[in-house]
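Here's the structure we're looking at; comments come further down.
The values are calculated or read from the model by the stated rules, or taken from the named source; none is laboratory data. These numbers come from a predicted model, not from an experiment. The accessibility values were calculated without ligands, DNA or RNA, using every heavy atom of the protein model including side chains. Shrake-Rupley method; radii C 1.70, N 1.55, O 1.52, S 1.80 Å.
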Amino acid sequence: MGSVVIGVAKMRKMRADAANNPTLLQVDVERLLTSGEIAMCQQVFKNAIDYSKVRIVRGGLLGLTALTGNAMTPEGFIHLPSNEYMNTPDFSIALDAIDKHWFIHEMTHVWQYQLGTNAVWHGINQLCKGGYTSTVRTADTPKNGDLKAYATDLSGADAKKKFSEFNFEQQGRIIEFWYDACYLQKENPQRPHHQRSLQLLIYVKQILVDFLQNPSDKNLLPKS
Ligand SMILES: [Zn+2]
């Protein structure tokens, strides 16, 4: 977990150096959002995100993305493992619907960050609690379970919770369900994630009622 902090510090320094000396900036290391990606995000986050500030970054964070094979989104930038970065120049035209709802999940972290959440702190907190290493099963997780940090029970114990009572990963997951249920009906609708998102839509809608009205409201941010 220390390496996350060091990685972020290093990234900040690299960015500051590059700003002072543009020749240090490698042109293929990051990109802006495409107009298609911004249109996707506006369906969910409206204008609560300043999309011009978002970058999709190849690698970074001391190779942590390559090590884990996961995306990481601290500080409002989405870091992708190198192969993912190269294979996905535009999430809005990705062939696999999974890439689309997954992109919206990562954009939830951008939304949290831009509204004031410290994603690095929350990430470390989850790491310490075993959120990324221990698996649990609930009614709305896949058969083989889910990592603890993400797991929800939206039709059971979590049904009456407010959006802000979910942790920052669960928020990403709820928004992901919403997006899949509402906007990806035509993309391979037999997908297990899509079917689950339809089953949970009634609960997700209730949890997101305030968010959908005003995604710029800071009271929606996760407390843990
Ligand atoms: Zn996440």
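Tabulated data for the structure shown
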{"read-out": "Rg ratio (alpha-carbon, reference 2.2 N^0.38 Å) - the range 166-214", "value": "1.11"}
{"read-out": "The range 104-170, Rg to Rh (Cα coordinates; Rh as Kirkwood inverse mean 1/r)", "value": "0.97"}
{"read-out": "Portion, in percent, of the accessible area of the range 91-132 that falls on carbon or sulfur, probe 1.4 Å", "value": "60 percent"}
